[in-house]
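Participant: Pasting a structure here, questions to come.
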Amino acid sequence: MGVVGNFRTTVRKNIIFISILFFASCASLKKLPQEHYYEFLYNFNREFKNDTISFHLKNPLKCPVNIKLGKDSLNPNIEYLFGNITLTELQDTIIRFEYPDFNQTNRTKYIVRYGDLNKKIEKNEVAYPFPKGKEYKIIQAYNGKFTHNTLYSQYAIDFDLKIGDTITSVDSGYIVGVIEDYKDYGTSKKWLENDKSNYITIYHPHSGIYTQYVHLDHKGSLVTLGDFVEKGQVIGICGMTGFTTTPHLHFNAKIPTEENGLISTKIEFESGVKGEDLKKKDRVK
Ligand SMILES: [Zn+2]
């Protein structure tokens with residue numbers, strides 16, 4: 001009996017110990033924010049009169065956007081009739097077609113993506129995303145196993161900027177996305193699966209490329225939607241928001257695709273430095 005009793009006591013002690021560890025580690029985990037912020041907001045309207053449906057579409061951005069309709073179970077084929085619309089920068093237009101049996105119960109779901117799929121991408125050399133004279137270490141390069149392993153991130157580069165360091169635009173262009181209201185970061189799977197980081201998106205009209213600067217500080221954007229920025233212009237402040245284990249700048253160049261929206265693309269930096277030649281632990285300036 002004594003042995004069983006001791007065994008039980010040991011098990012109980014272990015359970016208490018493990019529970020304390022579990023709750024202690026939970027307390028240190030940051031909760032994923034419930035709120036979701038968007039890079040930009042659009043205000044599209046639809047109107048149904050007699051047998052015709054009209055969609056009033058207004059592009060709020062200084063870049064082309066591509067619009068499709070999501071599936072509407074009550075209005076079969078409407079997404080095919082609407083098709084694939086590309087709006088030029090700031091374009092304001094109305095799309096109309098006959099749809100006599102239109103059922104107005106469901107809300108229209110718009111799928112809005114950056115870019116004009118017919119625009120040719122012109123690759124050109126860009127600057128580093130930090131001020132001239134500064135030197136930083138690369139902590140994750142192309143095809144990095146940790147997080148640079150999807151269609152959206154495979155050619156991203158992480159530079160070891162610290163919280164409060166200055167981020168600059170790699171090329172001239174227009175600000176087409178800003179998120180700066182998140183405050184926290186996390187390292188759990190939930191944070192990886194839910195994008196809760198602050199970032200800026202810039203459209204470079206002469207190349208057709210988009211660039212993104214991710215993990216900005218809370219209120220760490222120094223630009224607003226629609227601003228024009230020069231190559232090397234200060235745009236933001238590095239922080240630690242979203243899924244990340246250390247402060248850094250995640251820099252990513254992207255191009256539009258029909259199937260997947262903006263996907264990661266290779267880029268070349270000034271003085272002929274190819275993004276693919278940069279490796280983890282390299283120092284760049
Ligand atoms: Zn990264």
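Participant: Looking at (1) touching a strand residue (DSSP E or B) at 6+ places or on another chain (Cβ under 8 Å); (2) acidic (Asp, Glu); (3) without any contact (Cβ under 8 Å) to a residue 40 or more places away in the chain, find the lone condition where residue 270 falls short.
Facilitator: (3)
Participant: Could I ask something else about it? Tally up the residues in the range 190-205 that are in contact with a Gly (Cβ under 7 Å, 6 or more places away or on another chain) and in a loop (DSSP other than H, G, I, E, B), please.
Facilitator: Selection size over the range 190-205: 5.
Participant: Here's a follow-up. Quickly run through the range 229-264 and pick out the residues that are part of a loop (DSSP other than H, G, I, E, B) and either more than 15 Å from the ligand (Cβ to nearest atom) or surrounded by 22 or more Cβ atoms within 10 Å (Cβ to Cβ) (or both). Even if it seems obvious, please write down each step before you answer.
Facilitator: Of the range 229-264, the ones part of a loop (DSSP other than H, G, I, E, B) are 230-233, 239-241, 244-248, 258-260.
Matches in the range 229-264: 230, 231, 232, 233, 239, 241, 248, 258, 259, 260.
Participant: Restricting the search to the range 156-174, which residues are buried (at least 21 other Cβ atoms within 10 Å of the Cβ), within 15 Å of the ligand (Cβ to nearest atom) and in a loop (DSSP other than H, G, I, E, B)?
Facilitator: 156, 161
Conditions tested, residue by residue: (1) modelled with pLDDT of 95 or more; (2) assigned by TED's automatic domain parsing to the domain that holds residue 233; (3) in contact with a helix residue (DSSP H, G or I) (Cβ under 6 Å, 6 or more places away or on another chain); (4) farther than 21 Å from residue 263 by Cα.
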| site | (1), (2), (3), (4) |
| --- | --- |
| 58 | yes, no, no, yes |
| 63 | yes, no, no, no |
| 69 | yes, no, yes, no |
| 81 | yes, no, no, yes |
| 88 | yes, no, no, no |
| 95 | yes, no, no, yes |
| 124 | no, no, no, no |
| 129 | yes, no, no, no |
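Participant: Here are some residues: 120, 134. Which one is away from the ligand (no atom under 16 Å from the Cβ), part of a loop (DSSP other than H, G, I, E, B) and over 20 Å from residue 256 (Cβ atoms)?
Facilitator: 134
Participant: Assess whether residue 142 counts as being touching a residue at least 40 places away in the same chain (Cβ under 8 Å) and either touching a Leu at 6+ places or on another chain (Cβ under 6 Å) or within 19 Å of residue 39 (Cβ to Cβ) (or both).
Facilitator: On the way: touching a residue at least 40 places away in the same chain (Cβ under 8 Å): yes; either touching a Leu at 6+ places or on another chain (Cβ under 6 Å) or within 19 Å of residue 39 (Cβ to Cβ) (or both): no.
For residue 142, the condition - touching a residue at least 40 places away in the same chain (Cβ under 8 Å) and either touching a Leu at 6+ places or on another chain (Cβ under 6 Å) or within 19 Å of residue 39 (Cβ to Cβ) (or both) - is not met.
Participant: Could you check the range 24-104 for strands (runs of 3 or more DSSP E) lying wholly inside it with 3 or more residues that are under 30 Å from residue 213 (Cβ atoms) and not hydroxyl-bearing (Ser, Thr, Tyr)?
Facilitator: Here the list reads 65-69.
Participant: Does the range 271-280 include one or more residues that are in a strand (DSSP E or B) and either out of contact with any Lys or Arg (no Cβ under 7 Å at 6 or more places or on another chain) or buried (at least 17 other Cβ atoms within 10 Å of the Cβ) (or both)?
Facilitator: In the first step, residues of the range 271-280 are kept if they are in a strand (DSSP E or B); the result is 273-274.
Retained after the next criterion (residues that are either out of contact with any Lys or Arg (no Cβ under 7 Å at 6 or more places or on another chain) or buried (at least 17 other Cβ atoms within 10 Å of the Cβ) (or both)): 273-274.
Among the residues of the range 271-280, at least one is in a strand (DSSP E or B) and either out of contact with any Lys or Arg (no Cβ under 7 Å at 6 or more places or on another chain) or buried (at least 17 other Cβ atoms within 10 Å of the Cβ) (or both), which makes the answer yes.
Participant: Okay, moving on. Pull out all pairs, ordered by first then second residue, where Cβ-Cβ is under 6 Å, the residues are six or more apart or on different chains, the first lies in the range 187-214 and is at pLDDT below 95, and the second is buried (at least 22 other Cβ atoms within 10 Å of the Cβ) and in a strand (DSSP E or B).
Facilitator: So the pair list comes out as 191/243; 192/243; 196/242.
The values are calculated or read from the model by the stated rules, or taken from the named source; none is laboratory data. Note that the coordinates shown come from a computational prediction; the quantities given were computed from them, not determined experimentally. Heads up, the Cβs are rebuilt from the backbone with ideal geometry, glycines too, and the neighbour counts pull from every protein chain shown.
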